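Asks: Supplied in structure tokens, the structure appears directly below.
The values are calculated or read from the model by the stated rules, or taken from the named source; none is laboratory data. Keep in mind the model is a prediction, meaning the values are calculated, not measured. Don't worry about glycine lacking a Cβ; one is built from the backbone with ideal geometry, like all the others, and counts go over all protein chains shown. These accessible areas exclude ligands, DNA and RNA; they are computed on the full protein's heavy atoms, side chains included. Shrake-Rupley method; radii C 1.70, N 1.55, O 1.52, S 1.80 Å.
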Protein chains: 2
Amino acid sequence: MQKQTKNDPSGGNSDLARQRLLDAAEKLFVSEGYDGTSVRAITELANCNVAAVNYHFGTKDALYKQAVTRRLHMLRDYRVNSIDQLMEAGPENIPLEKLLEVFARAFLEPLLNDETGPAIIQLMHREILDPHLPTDTFLDEIFLPVANAIKSALQAVCPYLDDKNALLIVHSIVGQLVHIVQMVVLLSGSSFVTDNPKESIEEHVKHIVHFTAVAIRSYQNHPEGGQL
Amino acid sequence: MQKQTKNDPSGGNSDLARQRLLDAAEKLFVSEGYDGTSVRAITELANCNVAAVNYHFGTKDALYKQAVTRRLHMLRDYRVNSIDQLMEAGPENIPLEKLLEVFARAFLEPLLNDETGPAIIQLMHREILDPHLPTDTFLDEIFLPVANAIKSALQAVCPYLDDKNALLIVHSIVGQLVHIVQMVVLLSGSSFVTDNPKESIEEHVKHIVHFTAVAIRSYQNHPEGGQL
DNA sequence: GCACATATTAAACAACTGTTTGAAATATGT
DNA sequence: ACATATTTCAAACAGTTGTTTAATATGTGC
């Protein structure tokens, strides 16, 4: 992309400006939301003229959609691929804890990544609260694919889980993981001193894996779950 | 409030307009967010003049703070009181499942209430994403009081839980409960037909109670949790 | 009924918003 | 170097925003 091919009539500089606009837009949509972000703020951060948004993307809304969609697909692919790769070892060779840990880390990858932090997941939260994508995009293009991937994997590793219980368990796992992100966001604006945020996240991940594994194993003897 | 006392010099009509503005503001802040809600939209919904916000509240921001804070305190008090009332029966008389169920229902009360639905909890999500309250208000005035109440109650009912594990478990419970709300919000804008949303919520609550109880009991023999 | 306090109101204000427009600059192919 | 395509740009536009202002209407106490 730094190299400009002489055959490309659409111009490399155009791609650079587009990229800068997408990156700037993403950053501002994360921190200010859609309505709180102006086209002028985006173009100033991207070092572009205010009309560049309309030239390259048509409208602010279309820019938003592209900024969100590229991240949404990235998150889905990373999460689904992580599960698929693990499952290549064969379900009988995969400890439940391992599956849960791989999923948790894949789910939280942007958060665990120093460069991105909670931003991308936070952008997804915003899209849920204020949807701008076409109806059901979030469900169809990230939530359901990821949920189905981990659900199938759970059922392969724990064949005693029926469809209904497996899905309920997926919701429990996702809820716990999302909560970590929300706590990070909440504490990031806080005057509380966190000793070591990364260590705290690791601790939560470890807890969730164990907590969840125990509960799942209880379904082996009790399809209704929860009885000891 | 329908009766106007002759002794009240601040005027009943003023309280009526204030109330209408708060209610209208809340409704719009829930659905459109802070930046997506204009003063004109609020005053139109409240059947007031646009300057009424400034007269009664000073600024749009101050109106927002009051609208959010009144609900935040309401949620906290309901949750904490539900736990406290249950604990009056004495921890030795309270099954763990009962405690978890009471907490879950108290936590989700607005959602379970046909009049409010997920709106109020959604308003809290928005405040986390776009804080307008003074720093740490959300933490200090709802999250921590509620977390501490359920943490103490859990430790009273399950004395084998130490501080660290109890807190991690509280996070797991809250994460699962918050996730229900997020799913309701996500599906409310969806073309998916939900057979019976109330029944689905009940099912999730039942699952979370049992799922969580099993996992908690595992700490009895294994302070590190998670081992079977 | 009057004086004073309070609440409501329409108009005005400065600033901001996303978009459009046409000129100018730059890139590209021959 | 020229013709054409693409990109960038400043200015303009109509609409929106939260706030202020002063007049008017309403409420209250005596």
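Asks: Within chain A, what's the longest run with no trypsin sites (Lys or Arg not before Pro) in a DSSP loop and at most 15 other beta-carbon atoms within 10 Å? Give the range, please.
Replies: Answer from the scan: A:7-228.
Asks: How many Cβ atoms of partner chains, on average, are near each residue of A:162-173 if near means within 10 Å of its Cβ?
Replies: The shielding value for this peptide is 3.
Asks: Please list the helices of chain B that count as membrane-span-like by this rule: a mean Kyte-Doolittle hydropathy of at least -1.0 together with Cα atoms stretching 24 Å or more along the helix axis, each helix being a complete DSSP H run.
Replies: Within chain B the helices that satisfy the rule are B:12-32, B:60-87, B:163-188, B:197-217.
Asks: Quick one: compute the contact order of chain B, relative version, from alpha carbon pairs under 8 angstrom and 6+ residues apart, as a percent.
Replies: Value for chain B: 19 percent.
Asks: Hey, for A:LEU96 with labels 7 Å out along Cα-Cβ, what do the inter-copy distances come to in nm, ordered shortest first?
Replies: Distances to the matching label points in the other copies: 1.5 nm.
Asks: Right, another one. Provide a list, ordered by number, of residues in segment B:204-220 showing at least 20 Å² less accessible area with every protein chain present than when their chain is taken on its own, using a 1.4 Å probe.
Replies: Listed by number, the residues meeting the 20 Å² cut-off are B:HIS204, B:HIS207, B:HIS210, B:PHE211, B:VAL214, B:ALA215, B:ARG217, B:TYR219.
Asks: Could I have the simple spin-label model distance between B:ASP84 and B:THR135, label points 7 Å from Cα toward Cβ, reported in nm to one decimal?
Replies: The two pseudo-label positions are separated by 3.0 nm.
Asks: Kindly provide the helix-only [θ] at 222 nm of chain B, computed as the sum of -39,500 (n - 2.57) over DSSP H runs of four or more divided by all residues, to the nearest 500 deg cm²/dmol?
Replies: My calculation for chain B gives -21500 deg cm²/dmol from helical runs alone.
Asks: Evaluate Rg over Rh across chain B, taking Cα atoms for both radii and Kirkwood's formula for Rh.
Replies: Details: Rg = 20.6 Å, Rh = 19.7 Å.
Result: Rg/Rh = 1.05.
Asks: Springs between alpha-carbon atoms under 10 Å, Gaussian network over chain B: tell me which of B:ASN148, B:ASN49, B:ASN196 tops the mean-square fluctuations.
Replies: B:ASN196
Asks: Return a whole-number percent for the relative contact order of segment A:11-58, with Cα pairs under 8 Å and 6 or more residues apart as the contact set.
Replies: Relative CO of segment A:11-58 lands at 37 percent.
Asks: Sorted from shortest, what are the nm distances separating the label point of B:TYR78 from equivalent points in the other copies, each placed 7 Å from Cα along Cα to C-beta?
Replies: Computed spacing set for this position: 3.7 nm.
Asks: Quick one: buried accessible area between B and A, total over both chains, 1.4 angstrom probe, nearest 100 Å²? Walk me through the intermediate numbers first.
Replies: On the way: alone 13240 and 13250 Å², together 21910 Å².
Counting protein atoms only, the buried area is about 4600 Å².
Asks: Right, another one. What is the dipole size for chain B, taken about its Cα centre, with +1 at each Lys and Arg Cβ and -1 at each Asp and Glu Cβ, in debye to the nearest 20?
Replies: I would put it at about 460 debye.
Asks: Please give the per residue accessible area of the protein assembly as shown, computed with a probe of 1.4 Å over protein heavy atoms only, in Å².
Replies: 48 Å²
Asks: Apply the a/c threshold of 1.5 to the C-alpha gyration tensor of segment A:28-116 and tell me whether it is rounded, prolate or oblate.
Replies: Since a/c reaches 1.5 and a/b is larger than b/c, the shape of segment A:28-116 is classed as prolate.
Asks: Under the convention of a label 7 Å out along Cα→Cβ, give the distances in nm from B:ALA41 to the same position in every other copy, shortest first.
Replies: So the distances to the same position in the other copies read 1.6 nm.
Asks: Further question: log10 I(q)/I(0), Debye, Cα-only the protein assembly as shown, no solvent, q = 0.13 Å⁻¹?
Replies: Log10 I(q)/I(0), no solvent term: -1.27.
Asks: Alpha carbon centre of segment B:22-67 versus segment B:142-215: separation in Å?
Replies: 32 Å
Asks: Determine which aspartates and glutamates satisfy two conditions relative to B:LYS206: a Cα distance under 18 Å, and not lying fewer than 8 residues away in the same chain.
Replies: Leaving aside aspartates and glutamates fewer than 8 places away in the same chain, those within reach of B:LYS206 are A:ASP162, A:ASP163, A:GLU224, B:GLU97, B:GLU101, B:GLU109, B:ASP195.
Asks: State the percentage of accessible surface on segment A:171-213 attributable to carbon and sulfur atoms; use a 1.4 Å probe and exclude ligands, DNA and RNA.
Replies: Ligands and nucleic acids excluded, carbon and sulfur reach 56 percent.
Asks: Using a simple spin-label model with points 7 Å from Cα along the Cα→Cβ vector, what separation in nm is obtained for B:ASN49 and A:GLU92?
Replies: My value for the distance between the label points is 8.1 nm.
Asks: Longest span of chain B, sites excluded, free of GluC sites (Glu not before Pro) in DSSP loop with at most 14 other C-beta atoms within 10 Å?
Replies: No qualifying site falls inside B:116-223, the longest such stretch.
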